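Engineer: Attaching a single structure in structure tokens format; questions to follow.
The values are calculated or read from the model by the stated rules, or taken from the named source; none is laboratory data. Not measured: the values here are computed from a predicted model. Cβ sites come from the backbone with ideal geometry, for glycine too, and all protein chains shown count toward neighbours.
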Amino acid sequence: MSFSNIKKGQLGGFVSGYHNLSQEGNCWIYDDALVYLQASIKDNAVAKDQCWIYNRAKLYENAIIKDKRYVLDDAECFGNSVISGEGTIAGFCKIFENCHVKDNGGVWGKAWCHGNSQISDQGRVFGNTEITGNCKVKGNAKLYSGFYDSGCYESWSPYGVNVALHG
């Protein structure tokens with residue numbers, strides 16, 4: 001059966017077992033992506049452009065991972081999230097709703113990034129941080145566990161500690 005731009009019989013990317021790619025929905029691993037160990041892709045999620053998804057990471061609903069991203073540990077990307085432009089998503093973090101992590105942005109620990117938030121331009125979100133709404137973390141900004149504020153952290157911003165941003 002063909003779907004999206006995938007034709008029946010087309011080879012996909014590397015998987016280490018049947019459990020890595022669901023047979024339900026229109027999920028797909030393109031030929032230059034790898035999904036292995038206990039990682040899984042399901043629903044309508046897509047991995048492409050030399051991405052590596054491994055350990056117990058999950059990609060589901062309509063999430064898209066592309067551009068040499070690494071998603072590992074117990075990280076989850078779902079909703080309409082887009083993860084692009086080199087970097088790492090790791091730990092127990094959750095990237096969801098319409099969040100966009102791009103251009104070397106990174107998320108680790110137990111961070112939650114959702115709403116229309118963006119992490120970009122080498123911005124980093126760590127620990128128990130939550131960003132949501134229209135928040136933007138960019139430049140060399142680094143947000144750590146438990147800090148509360150709202151708005152946009154950019155390269156000139158101080159390091160945040162104990163972060164919960166609601167834009």
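Engineer: Which residue, of VAL125, VAL107, is closer than 13 Å to ILE65 by Cβ and not assigned by TED's automatic domain parsing to the domain that holds ILE65? Outline the logic, then answer.
Structural biologist: Details: VAL125 fails: closer than 13 Å to ILE65 by Cβ.
Only one candidate passes the filter, namely VAL107.
Engineer: With the requirement that a residue be of a type in the set (Lys, Arg) and over 10 Å from the mean Cα position of the chain (by Cα), what does the range 56-77 give you?
Structural biologist: Let us first name the residues in the range 56-77 that are of a type in the set (Lys, Arg), namely 56, 58, 66, 68-69.
Within the range 56-77, ARG56, LYS68 qualify.
Engineer: Right, something else. Return the pairs, sorted by first residue and then second, in which the second residue is modelled with pLDDT of 90 or more and not hydroxyl-bearing (Ser, Thr, Tyr), the first residue lies in the range 112-133 and is farther than 16 Å from ALA63 by Cα and assigned to a strand (DSSP E or B), the beta carbons are less than 6 Å apart, and the residues are 6+ apart or on different chains.
Structural biologist: ARG124/GLY106; VAL125/VAL107; VAL125/ALA111; VAL125/ILE119; GLU130/TRP112; ILE131/CYS113; THR132/HIS114; THR132/GLY115
Engineer: Any residue that is in a loop (DSSP other than H, G, I, E, B), surrounded by fewer than 17 Cβ atoms within 10 Å (Cβ to Cβ) and on the phi > 0 side of the Ramachandran plot - is there at least one of those in the range 27-34?
Structural biologist: Pass one, the range 27-34, residues in a loop (DSSP other than H, G, I, E, B): 27, 30-33.
Retained after the next criterion (residues that are surrounded by fewer than 17 Cβ atoms within 10 Å (Cβ to Cβ)): 31-32.
Pick out the ones that are also on the phi > 0 side of the Ramachandran plot and you get none.
There is no residue in the range 27-34 that is in a loop (DSSP other than H, G, I, E, B), surrounded by fewer than 17 Cβ atoms within 10 Å (Cβ to Cβ) and on the phi > 0 side of the Ramachandran plot.
Engineer: Looking at LYS94, LYS68 in this structure, which one is surrounded by fewer than 18 Cβ atoms within 10 Å (Cβ to Cβ), of a type in the set (D, E, K, R) and in contact with an Asp or Glu (Cβ under 8 Å, 6 or more places away or on another chain)? Reasoning before the result, please.
Structural biologist: Details: LYS94 fails: surrounded by fewer than 18 Cβ atoms within 10 Å (Cβ to Cβ).
The unique qualifying residue is LYS68.
Engineer: For the range 24-32, indicate whether the set of residues that are more than 25 Å from GLY139 (Cβ to Cβ), touching a Ser or Thr at 6+ places or on another chain (Cβ under 6 Å), not assigned by TED's automatic domain parsing to the domain that holds LYS136 and not basic (Lys, Arg) is non-empty. Before you say what the answer is, go through the steps one by one.
Structural biologist: Residues of the range 24-32 that are more than 25 Å from GLY139 (Cβ to Cβ), as a first pass: 24-32.
Checking the rest, the ones that are also touching a Ser or Thr at 6+ places or on another chain (Cβ under 6 Å) come to 26.
Those left that are additionally not assigned by TED's automatic domain parsing to the domain that holds LYS136: 26.
Now drop any that are not not basic (Lys, Arg), which leaves 26.
Yes, the conditions are met somewhere in the range 24-32.
Engineer: While we're on this one: Which of the numbered conditions does LEU11 fail, given that it passes all the others? Conditions: (1) outside any helix (DSSP H, G or I); (2) at pLDDT 95 or above; (3) out of contact with any Phe, Trp or Tyr (no Cβ under 9 Å at 6 or more places or on another chain).
Structural biologist: Going through (1) outside any helix (DSSP H, G or I); (2) at pLDDT 95 or above; (3) out of contact with any Phe, Trp or Tyr (no Cβ under 9 Å at 6 or more places or on another chain) one by one, LEU11 breaks only (2).
Engineer: Residue check: is LYS7 over 12 Å from the mean Cα position of the chain (by Cα), among the charged types (D, E, K, R) and over 22 Å from HIS114 (Cβ atoms)?
Structural biologist: In short, yes.
Engineer: If you scan the range 1-22, which residues turn out to be in contact with a Lys or Arg (Cβ under 9 Å, 6 or more places away or on another chain) and either without any contact (Cβ under 8 Å) to a residue 12 or more places away in the chain or of a type in the set (A, V, I, L, M, F, W, C) (or both)? Give the derivation first.
Structural biologist: Step one: filter the range 1-22 for residues in contact with a Lys or Arg (Cβ under 9 Å, 6 or more places away or on another chain), giving 1-2, 13, 21-22.
MET1, SER2, LEU21, listed by residue number.
Engineer: Moving to a separate point now. Pick from TYR144, TYR60, TYR159: which is of a type in the set (Ser, Thr, Tyr) and modelled with pLDDT of 95 or more? If you could, list the steps in order and put the result at the bottom.
Structural biologist: On the way: TYR144 fails: modelled with pLDDT of 95 or more; TYR159 fails: modelled with pLDDT of 95 or more.
Going through TYR144, TYR60, TYR159 in turn, just one is of a type in the set (Ser, Thr, Tyr) and modelled with pLDDT of 95 or more: TYR60.
Engineer: Suppose the filter is surrounded by fewer than 19 Cβ atoms within 10 Å (Cβ to Cβ), within 11 Å of the chain's Cα centre (by Cα) and not hydrophobic (A, V, I, L, M, F, W, C); does ASN80 pass it?
Structural biologist: On the way: surrounded by fewer than 19 Cβ atoms within 10 Å (Cβ to Cβ): yes; within 11 Å of the chain's Cα centre (by Cα): yes; not hydrophobic (A, V, I, L, M, F, W, C): yes.
So ASN80 fits the description; yes.
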